[in-house]
Each structure stands twice: as structure tokens, then as C-alpha cells.
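What follows draws every value from the coordinates through simple rules; no lab data is involved. The model shown is predicted, which means the values in this text are computed figures rather than measured ones. No Cβ is skipped: glycine too gets one built from the backbone with ideal geometry, and neighbour counts run over all protein chains shown.
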Amino acid sequence: MAIMDIYGIVALLMVLGTVMVWFQKVKAVRVPKVRFHFFALTVLGAVLGIYTLTGDASLIGKIPAGIAIALGFIFPAFRLGSAQGDHKPAIEVGDPIIDFTALDDKGNEFDLASLRGTPFLLKFFRGHW
């Protein structure tokens, strides 16, 4: 196996590894505020893929390099083209909670204002559907 073939495989592993870590963080709702390194690694993997294709790599290196190029440029393009922006949250930790009305577990209407002045624990569950 030539060194250019290894570059193609490394390019694909770099892009796939970065994208997998990104989606794990998204699933856990822990996307970091500084995202530059994710996109830099995917683009770097794509550039390494281009370098591999311009060299004397065999099919063993060209196929992963081509996949790395596609994923390495598509991933940042989708993120940059998304409508999701970085906005300041409506409430910060320590801010007073906004009054709301919702249904409780028995279907009865619940008003948060009824708990004002008493300690309480308010828990929100993230749905998985």
C-alpha cells in the first residue's frame, strides 16, 4: 500500500471521526459555542483527500479520498447554510421564570404562578420521537 493510499484513508477517518463526534454532541444537546475546529477538521480532511487524488494513489486510496472530499465540504456547507443561528437564550440561569400554563400528568391545567413564593422543582423532559 502506497503512502498516498494511506493519506486517502486518513482523510476519510478524519472527516468521519469529526462528523461522528459532532452528531454525538448534538444528540446530547452539548454543542460547543466554539465550533471552528469541527469545520476546520472536516475541510482539512477534504483537502487531504484532494491531495490524495492528485497523487499516484491507487483505487484503495482514491475511493476513501473521494468520500472524504464529499463529506468534508458538504458538512460545513450544510451548517453554514442552515437557518439556525446563535441567539442569546430567552432566559439565563438565575433569571425569574416566565409564567406559563400547561397540563399536568393527569390532564389538569397547571398554572406556574400558583407556586410563586414556595420552593419547587420544575423538570422538563426532552422528548425522543
Crossing angle, helix 3-27 versus the chain [Cα axis fit, 0-90 degrees, rounded to tens]: 10 degrees
Set of aspartates and glutamates near residue 62 by C-alpha distance (under 20 Å), chain-local residues within fewer than 8 positions excluded: 5
Nitroxide proxy distance, nm - points 7 Å out along Cα→Cβ at residue 43 and residue 27: 2.8 nm
Proximal charge balance of residue 100 [Cβ under 12 Å; K/R count +1, D/E count -1]: -3
Protection-proxy order for peptides 7-19, 97-109, 53-65, each taking the mean of Cβ atoms within 10 Å per residue, highest first: 7-19, 53-65, 97-109
Gain in span if fully extended, residue 82 to residue 115, counting 0.36 nm per residue against the direct Cα distance: 7.9 nm
Net charge contributed by nearby residues that have their C-beta within less than 14 Å of residue 43 (K/R +1, D/E -1): +2
Local electrostatic count, residue 2, Cβ distance below 12 Å [Lys/Arg +1, Asp/Glu -1]: -1
For the chain, the fraction of alpha-carbon pairs in successive 10 Å shells from zero, as %: 11, 27, 20, 16, 12, 9, 5, 0
Segment 3-81 - percent relative contact order, Cα under 8 Å, separation 6 or more: 46 percent
Under 25 Å from the Cα of residue 106 - lysines, other chains or at least 8 residues apart: 123
Helix 59-81 vs. the chain, principal-axis angle (Cα, 0 to 90°, nearest 10): 30 degrees
